[in-house]
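*Asks:* Let me begin by handing over the structure; questions about it come next.
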Amino acid sequence: MEKLTICGKKRLNGTLSVQGSKNSTLPIIAAAVLCEGEIILHNCPHLTDVGAAVNILSHLGCKIRREGDTLIIDSTNIETSEISEKLMHEMRSSIVFLGALLARTGKAVLSTPGGCEIGLRPIDLHLRAMRDLGTAISEEGGKLFCTAPDGIRGREITLAFPSVGATENVLLAASLGKGRTILNNAAREPEIKNLADFLTLCGAKIYFAGEGKIIIDGVKKLHGCEFRVISDRIVAATYMAAAAVTGGEIDILNFPVNDVTPVLPQFEACGCKIVSDENRMHIKAPSRLKSMGTVRTMPYPGFPTDFQAPAMTMASVAEGTAIFIETIFESRYKHVSELKKMGANITTQGTVAVVQGVKRLTGAKVYAEDLRGGAALVLAGLAAEGKTEVYNLKHIDRGYEKIEEKLSSLGAEIEREV
Ligand code: EPZ
């Protein structure tokens, strides 16, 4: 069974560069379905989730090839509107192909993505929004049969929750719709703006009216373009956390400084010294972190739920107590039991976790159960005394590009063993 073997307590030092954003690349790959022409997409990370999205595009009839960090896509011809259950289950966020398929072909047959390790992941907000835009949807045998015979019809929509995926589906569907769509209570994550910038470059008419309101005036056709995906803010924060838990000092290039603003107060509360300019950061950690206090995950620009697990590893070795309140997903504490195997002192009650920092963690065999929880275990291995073995790397490889190479380049003793 493949594992990462880590010998901890090495102070990290050096410079690394942040990969492209997984959560930007995926909806932009789906957006390619809307465009007739060639798309050149730079800064696409080498991740299994990106591979799954590429497989879906190929299945739909698009031509796609990768040259290094660049994807070259031609979606002039779409041959089918159906995505098989196997392809849908390779990556749960494939629901974001729904809006693009409906707008481009007038129909879509997908299987319901189902839950995943961090929660039930319902899609009611997606379906409600697509129905609001004129789509007929029936569910049968775990499949969604969606048709928009008169095309997507623009109108005012308000999301009950600022869902990232539902916002993306509305942007994709309405871009090729008839008339104006006004979306209220839209998600404000940076990946939404990156998707809108891509669509605008392809000829879409999208306006951010502030306070979570987005206006989309549908156009008849979208063409190709050349575009660069933003850097991954969660991966960037994870490498900051690697420096933080090892008392290290690192420089991070290709850094999305503005996008990680929501987590800077926690790093500063822990005693990290941070200096940054528009796309690089220097972080110097104290020999032992102080408590980050109370962390409540919220939609952007609040504290990101995707950084809750890595932050909990920081809190596990800090001086003092930290409290986490996970408000976005209902079961995003799967890493707690594994951290406790390493000596962390964490008590959970529903979506609240109380972390009493300990002086030291001890290496152990631990098992990743989801993407960000897996990253938290790697961070714990870097901080722990002795050897840690992290298993179930498929979760980590969904979102972190060559994590062992990046950390080794900073002086970590880590290797992947098959
Ligand atoms: C995106 O997931 C990200 N994934 C997630 O990152 C991230 O955690 C999440 O946004 C929140 O920021 C991608 O971008 C590929 P949501 P998404 O719709 O779109 C509920 C990672 O680690 N909800 O904003 O699925 C839902 O259950 C991943 O990179 C409904 O109730 O998130 C959750 O409680 C994990 N009905 C909340 O909203 C719906 O129809 C937020 O979900 C849709 C969502």
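*Asks:* Looking at Leu57, Leu34, which is the one that is among the hydrophobic types (A, V, I, L, M, F, W, C), at pLDDT 95 or above and away from the ligand (no atom under 16 Å from the Cβ)?
*Replies:* The match here is Leu34.
*Asks:* Out of contact with any helix residue (DSSP H, G or I) (no Cβ under 9 Å at 6 or more places or on another chain) and either at pLDDT below 95 or under 24 Å from Gly20 (Cβ atoms) (or both) - does that describe any residue in segment 380-402?
*Replies:* yes
*Asks:* Output the residue which, of all residues in segment 114-130 that are within 8 Å of the ligand (Cβ to nearest atom) and buried (at least 18 other Cβ atoms within 10 Å of the Cβ), is farthest from the chain's Cα centre (by Cα).
*Replies:* Leu127
*Asks:* The conditions are (1) crowded, with 22+ Cβ neighbours inside 10 Å; (2) part of a helix (DSSP H, G or I); (3) more than 11 Å from the ligand (Cβ to nearest atom); (4) within 24 Å of the chain's Cα centre (by Cα), and Ala103 fails exactly one of them. Which is it?
*Replies:* (4)
*Asks:* Limited to segment 196-235, what total is found for residues that are closer than 23 Å to Leu159 by Cα, open to solvent by less than 30 Å² (accessible area, probe 1.4 Å) and of a type in the set (S, T, N, Q)?
*Replies:* 0
*Asks:* Go through (1) open to solvent by 10 Å² or more (accessible area, probe 1.4 Å); (2) within 16 Å of the ligand (Cβ to nearest atom) one by one and return the number of the condition Asn169 breaks.
*Replies:* (1)
*Asks:* For Leu361, are the conditions met, namely being surrounded by 24 or more Cβ atoms within 10 Å (Cβ to Cβ), of a type outside the set (D, E, K, R) and closer than 20 Å to Thr297 by Cβ?
*Replies:* Values: surrounded by 24 or more Cβ atoms within 10 Å (Cβ to Cβ): yes; of a type outside the set (D, E, K, R): yes; closer than 20 Å to Thr297 by Cβ: no.
Taking the combined requirement at face value, the residue does not satisfy it.
*Asks:* Suppose we filter Gly154, Gly134, Gly142 for residues that are over 21 Å from Lys193 (Cβ atoms), surrounded by 15 or more Cβ atoms within 10 Å (Cβ to Cβ) and away from the ligand (no atom under 13 Å from the Cβ); which single one remains?
*Replies:* After applying the criteria, what remains is Gly134.
*Asks:* Could I ask something else about it? Tell me the residue from Ile28, Ile40, Ile73 that is in a strand (DSSP E or B), open to solvent by less than 50 Å² (accessible area, probe 1.4 Å) and touching a helix residue (DSSP H, G or I) at 6+ places or on another chain (Cβ under 6 Å), please.
*Replies:* Criteria check complete, one pass: Ile73.
*Asks:* Which one of the conditions (1) at pLDDT below 95; (2) more than 16 Å from the ligand (Cβ to nearest atom); (3) closer than 26 Å to His89 by Cβ does Pro149 fail to meet, given that it meets all the rest?
*Replies:* Condition not satisfied by Pro149: (3).
*Asks:* To continue, here is another question. Hey, any hits in segment 189-200 for a residue that's within 16 Å of the ligand (Cβ to nearest atom) and over 27 Å from Ile78 (Cβ atoms)?
*Replies:* Scanning segment 189-200, I find at least one residue that is within 16 Å of the ligand (Cβ to nearest atom) and over 27 Å from Ile78 (Cβ atoms), so the answer is yes.
*Asks:* While we're looking at this one, here's another question. Tally the residues that are open to solvent by less than 50 Å² (accessible area, probe 1.4 Å) and either among the acidic types (Asp, Glu) or closer than 15 Å to Leu382 by Cα (or both), restricting the search to segment 310-351.
*Replies:* 15
*Asks:* How many residues does segment 256-280 contain that are aliphatic (A, V, I, L, M), under 22 Å from the mean Cα position of the chain (by Cα) and not in a helix (DSSP H, G or I)? First the steps, then the outcome.
*Replies:* Narrowing segment 256-280 to residues aliphatic (A, V, I, L, M): 257, 260, 263-264, 269, 274-275.
The next check asks that each one be under 22 Å from the mean Cα position of the chain (by Cα); those that pass are 257, 260, 263-264.
So of that shortlist, the ones also not in a helix (DSSP H, G or I) come out as 257.
Residues flagged as aliphatic (A, V, I, L, M), under 22 Å from the mean Cα position of the chain (by Cα) and not in a helix (DSSP H, G or I) within segment 256-280 amount to 1.
*Asks:* Quick one: which of Met342, Met314 is more than 16 Å from the ligand (Cβ to nearest atom), out of contact with any strand residue (DSSP E or B) (no Cβ under 7 Å at 6 or more places or on another chain) and not β-branched (Val, Ile, Thr)?
*Replies:* Met314
The values are calculated or read from the model by the stated rules, or taken from the named source; none is laboratory data. In this text the structure is predicted, and so the values were computed from the model without any measurement. Positions of Cβ are generated from backbone atoms using ideal geometry, with glycine treated the same way; all protein chains shown enter the neighbour counts. Just so you know, the surface numbers come from the protein's heavy atoms only, side chains and all, with ligands and any DNA or RNA stripped out. Shrake-Rupley method; radii C 1.70, N 1.55, O 1.52, S 1.80 Å.
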